[in-house]
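Undergrad: Just dropping this structure here.
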Amino acid sequence: MAEQNLKEKTAKSILWGGINNGGQQVLNLVFGIFLGRLLTPDDYGMVGMLAIFSLIATSLQESGFISALNRKQHITQADYNAVFWFNVLCSLLVYAVLFCCAPLIAAFFKEPALTPLSRLSFLSFVLASLGITPRAVLFRNLRVKETAWMSLAALFCSGVTGIVLAWNGFAYWGLAIQSMTYCGMMTLFSWIFSGWRPTLQIDLRPLRGMIGFSSKLLITNIFTTLNNNIFSVLFGWLYGKQIVGNYNQANKWTTMGYTFLSGTLWNVTQPVFARLTDDRERQLRAFRKMLRFTAFVSCPTLFGLGLIAPEFIVILITDKWLDSAYLMQILCIGGAFFPITSFYTNYLISQGRSNVFMWNTIGLCLVQMAAMLALHPFGVKTMVIVYVILGILWIPVWHRHVRRLIGLPLWQAVLDILPFVLLSAVTMGVAYLASLSVDNIYACIIVKIVVAVVFYIAIMKLLRVVVFQECVDFLMSQIRRRK
């Protein structure tokens with residue numbers, strides 16, 4: 001009965017997580033179209049060059065305490081209160097440092113306008129710090145439905161703000177204010193939905209029981225941020241803001257594609273596996289099922305996005321962004337494997353293996369950053385291709401540590417993933433061939449999408465793929481229940 005309840009709760013959480021992430025991607029799509037048409041690569045490049053500083057600051061203020069709170073078997077108000085005040089105090093300190101360093105950042109990128117822009121943009125993580133603990137309450141209790149509503153509302157409000165400002169000529173300032181609006185609304189809604197309130201007593205002693213675990217996540221997050229944003233720094237330093245803008249546009253659409261799944265699984269994986277710590281057999285069954293589901297969705301979704309990238313970019317945000325479409329195709333290949341990597345890392349975190357997560361991430365980051373620095377004379381595309389290849393080849397390294405915990409052989413994991421990779425590649429090849437004789441750009445993208453969807457579903461039915469049938473059965477049961 002307990003296993004059935006957990007399965008039902010997990011399924012509902014995945015459903016609401018999917019609604020949340022799917023809704024976010026739809027809103028991001030709509031707002032991205034308007035902003036892409038109103039703004040230029042230079043505008044996106046200005047904000048993109050600051051992203052790495054904001055993200056590192058966010059990592060410092062959160063410091064891995066959401067996952068640390070989730071792992072604690074017994075949690076008190078004092079634990080939540082300590083994390084809250086640490087986040088607030090840390091964010092204020094970091095903002096003060098970055099405020100003073102703003103002229104140095106501008107000098108590094110040779111863009112004087114970055115000084116006032118960065119001082120405004122960095123206020124976002126100060127606002128976000130106020131909502132970290134309330135979101136930890138929602139996360140720990142698998143309240144994915146509430147998280148979905150507040151995320152969609154915050155995204156809608158901030159998106160409208162960004163469009164209005166861009167329409168009125170605020171350019172990159174509008175993007176900065178849009179980000180601040182999103183952080184502020186998320187914090188407000190987190191307080192409303194969680195019902196949690198801090199006390200005025202500042203006592204950081206409860207952090208001592210979490211600092212060992214959370215500090216490893218902090219270091220890991222910093223290295224991950226450096227690695228994920230190395231192109232914004234290198235391209236801004238070597239090639240200028242226009243290249244940064246094109247890359248960030250390509251990366252934004254690709255990220256939207258894989259965030260739908262990885263974000264859904266992140267809301268579910270850690271809480272679920274944290275409750276299965278003492279049952280290795282159930283962990284193994286759950287791990288393999290979710291691994292197959294991840295590959296089943298991520299491979300066709302991201303390969304398909306790469307297939308339609310040129311038409312997608314030109315139709316939605318005009319041909320001034322066409323250079324970003326070719327980078328997007330490369331990134332989509334790596335993006336198909338990102339949710340799989342994310343699933344592995346979330347599982348390791350749920351089992352308290354933050355040290356493994358930290359050292360593996362540091363190793364991958366150092367390898368990729370070294371490769372990027374060595375390859376920059378060969379151009380942007382070469383750097384991005386090698387970056388993607390290294391990320392995919394690192395999956396067996398993650399698997400090595402998972403195998404030690406649940407005994408899953410690498411060959412078995414490969415057999416769980418590889419069929420979906422191959423079937424997705426074949427599907428996109430068929431769709432591409434079907435579109436070769438179509439000259440009209442609108443007809444071309446429609447042919448690619450229709451052929452790919454029909455062909456992939458037909459293969460799933462013909463081969464009687466279990467995960468496909470389970471997804472259909474679950475969705476049908478939810479529809480019948482609501483009738």
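The values are calculated or read from the model by the stated rules, or taken from the named source; none is laboratory data. What you see is a predicted model, and the numbers here were worked out from it, not measured in a lab. So basically every Cβ, Gly included, is an ideal-geometry build from the backbone, and we count neighbours across all protein chains shown. For accessibility, only protein heavy atoms count, side chains too; no ligands or nucleic acids. Shrake-Rupley method; radii C 1.70, N 1.55, O 1.52, S 1.80 Å.
Undergrad: Quick one: how many residues across the stretch 402-422 are modelled with pLDDT under 90, open to solvent by less than 50 Å² (accessible area, probe 1.4 Å) and in a helix (DSSP H, G or I)?
TA: Residues in the stretch 402-422 being modelled with pLDDT under 90, open to solvent by less than 50 Å² (accessible area, probe 1.4 Å) and in a helix (DSSP H, G or I): 3 in total.
Undergrad: From the list Q368, Q351, Q329, pick out the single residue that is open to solvent by 40 Å² or more (accessible area, probe 1.4 Å) and either touching a residue at least 24 places away in the same chain (Cβ under 8 Å) or polar (S, T, N, Q) (or both).
TA: None of the other options fit; the residue is Q329.
Undergrad: Select from the stretch 413-452 the residues that are over 26 Å from the mean Cα position of the chain (by Cα), of a type in the set (A, V, I, L, M) and closer than 19 Å to G335 by Cα and list them in ascending order.
TA: The answer is V426, and nothing else.
Undergrad: Of the residues A370, A434, which single one is part of a helix (DSSP H, G or I), modelled with pLDDT of 85 or more and over 30 Å from E311 (Cβ atoms)?
TA: A370
Undergrad: Any residue at all in the stretch 235-248 that is more than 20 Å from D323 (Cα to Cα), assigned to a helix (DSSP H, G or I) and either at pLDDT 75 or above or open to solvent by less than 20 Å² (accessible area, probe 1.4 Å) (or both)?
TA: No - not one qualifying residue is present in the stretch 235-248.
Undergrad: Every residue in the stretch 339-348 that is over 15 Å from I406 (Cα atoms) and surrounded by fewer than 24 Cβ atoms within 10 Å (Cβ to Cβ), please.
TA: T341, S342
Undergrad: Any idea which of A128, A96, A107, A154 is open to solvent by less than 10 Å² (accessible area, probe 1.4 Å), in a helix (DSSP H, G or I) and either under 30 Å from P206 (Cβ atoms) or of a type outside the set (S, T, N, Q) (or both)?
TA: A154
Undergrad: On to the next question. State whether the residues of the stretch 389-398 include one that is part of a helix (DSSP H, G or I), at pLDDT below 90 and exposed (fewer than 15 other Cβ atoms within 10 Å of the Cβ).
TA: no
Undergrad: Moving on to the next point. What are the pairs with Cβ atoms under 6 angstrom where one residue, in the stretch 223-246, is touching a residue at least 60 places away in the same chain (Cβ under 8 Å) and the other, located anywhere, is open to solvent by 20 Å² or more (accessible area, probe 1.4 Å) and of a type in the set (G, A, S)? Sequence gap at least six, or different chains.
TA: As it stands, the answer is N229/A51; S232/A51, since those pairs meet every condition given.
Undergrad: Still on this structure, I have one more. Only one of (1) touching a helix residue (DSSP H, G or I) at 6+ places or on another chain (Cβ under 8 Å); (2) open to solvent by 60 Å² or more (accessible area, probe 1.4 Å); (3) not acidic (D, E) is not met by H74, so which one is it?
TA: Just one mismatch for H74, condition (1).
Undergrad: Okay, next question. Within the stretch 157-172, how many residues turn out to be in a helix (DSSP H, G or I), of a type in the set (A, V, I, L, M, F, W, C) and in contact with a helix residue (DSSP H, G or I) (Cβ under 7 Å, 6 or more places away or on another chain)?
TA: 5
Undergrad: R135 fails exactly one of the following numbered conditions: (1) without any contact (Cβ under 8 Å) to a residue 12 or more places away in the chain; (2) at negative phi; (3) among the charged types (D, E, K, R). What is the number of that condition?
TA: (1)
Undergrad: Kindly establish whether R292 is more than 23 Å from C444 (Cα to Cα), open to solvent by 30 Å² or more (accessible area, probe 1.4 Å) and modelled with pLDDT of 85 or more. Explain how you work it out, then say what you get.
TA: Details: more than 23 Å from C444 (Cα to Cα): yes; open to solvent by 30 Å² or more (accessible area, probe 1.4 Å): yes; modelled with pLDDT of 85 or more: yes.
Yes, satisfied.
Undergrad: Let me ask another. Answer with yes or no whether T115 is polar (S, T, N, Q), more than 30 Å from C100 (Cα to Cα) and open to solvent by 20 Å² or more (accessible area, probe 1.4 Å).
TA: So T115 does not fit the description; no.
Undergrad: Follow-up. In this structure, does V164 turn out to be surrounded by fewer than 23 Cβ atoms within 10 Å (Cβ to Cβ) and either of a type in the set (D, E, K, R) or modelled with pLDDT under 90 (or both)?
TA: So V164 fails the test.
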